[in-house]
Amino acid sequence: MRDFIQAATEKTAGLARQTMLYAGNAFDRVFRSASMVQAGQTPFETLHTDGLVSLRYYPPLQEDFIELDGITIPVERSSHRTPVVIVPPLAVNMLIYDLFPQRSLVRFLRAKGFEAYLIDWGTPTRAHSHYNLHTYVAELLPAALNRVREHSGQQELSLHGWSLGGMFTLFYSALSKDQNVHNAIVLGSPVDSHASGVLGLLNQRLADVAGFIRKRTGFRIHDLRPHWFHSPGWVNTIGFKLTNPVGSFMGYWELIIRLGDREFVTNHATTSAFLDRMVAYPGGVVQDTVVRIWIDNQLSRGTVQIGDAEAQLANVNANLFAVAGSEDTMVTPAAAKRLMDHVSSLDKTFRVTQGGHMGILAGSKAPNESWLEIAEWLAERSD
């Protein structure tokens, strides 16, 4: 009898502890999620800001080693000659590049001996609705690159662009014919938007409808004010999650069943800090993207209209490393690979790695799938 009572008491105590653990993790996740977020811990200096766009510089790391998802990497004390400039897409916050201490792209690049800069596009408001592709590609991006050159003392640069950031990298190189863009890393950037799976089929139907309307009425989307196309951050968050609704639902379902795992709950809060805090798209960029990238699919023919000028992908001759995700429903490998047909780069590599649109940049498999190879590729072309 005594043993039975003791066993029952221990079981009750264990259930009580587990219940308290679940309740504590649930409370922290809902009401104190900011305190759980691990992102944004790598120190940086703001070299310049105009009130919207700012330029970050990540100084050398102080430690001798960093952990990269279970891999110990020694910190290189000598720097490669060619700096790396991260060109982010719009709509995202910069936490994605410094998501976890053990999975931070900027931290990894510094450990590998690269001078690392990042352009933060800031948070556009409706006052910036007139900003279009030309604003970013022909005005803001060149100004940021000039400041990188002034700070680093180097003319040759490596540009790293994910999603729309990769397109900015290509558009800038094509439009400016900047011969000092020595290396370009492009991840998850569509060149043939009509070949991108289900979204590609939707874009084709959208093109058919737009063509019919243009022919019958002469109406074009650019006839409207950009103000009407301003896309708030919360809309972009919902839109991004709807590209993989099952994955989004399963993420929250897994959170429920793993509430007792503090590390998992912390990781979920950190990832959500990025996904749930997306920022606005300026209306002019939305207009240009919908018409020139989605409907007219100009890039599939190797050109794109930027303002009143045409940018030819044939003008891109930097060493090129392009990545597509095998599970990316936004930009399928078929949509991304067309880039190889249009650029003039003699040194060009195309890889399909595991992961979706976000996963190829900062997912748990990204370090082994692409970061290490990209760092080695860059090192061979940066001195």
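Computed from the coordinates by the stated procedures, all read-outs in this text should not be read as laboratory data. Everything quoted here is computed from the prediction, not taken from an experiment. Here the Cβ positions follow ideal geometry from the backbone for every residue, glycine too, while neighbour counts run over all protein chains shown.
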Checklist entry - What lysines could a cross-link reach from residue 177, if we take a straight Cα to Cα line under 28 Å and drop same-chain neighbours fewer than 8 places away? => result 337, 348
Checklist entry - Which of rounded, prolate, oblate describes the range 124-248, given a ≥ b ≥ c as roots of the alpha-carbon gyration tensor eigenvalues and a/c under 1.5 marking rounded, otherwise prolate only if a/b is larger than b/c? => result prolate
Item to check | Cβ-based exposure ranking for 340, 358, in which fewest neighbours within 10 Å come first | outcome: 340, 358
Checklist entry - Going by how many other Cβ atoms sit within 10 Å of their own, how do 106, 137, 191 line up, fewest first? => result 106, 137, 191
Checklist outcome for this item: Given all pairs of distinct Cα atoms, the range 38-379 yields a Kirkwood Rh in Å of 20.6
Checklist entry - Taking the Cβ-Cβ separation of residue 277 and residue 52 as r and a Förster radius of 22 Å, what is the calculated FRET efficiency to the nearest 0.05? => result 0.85
Checklist entry - In a solvent-free Debye calculation with one equal scatterer on each Cα, what is log10 I(q)/I(0) for the range 288-328 at q = 0.18, 0.20, 0.25, 0.35 Å⁻¹, listed in the order of the q values? => result -0.66, -0.77, -0.94, -1.08
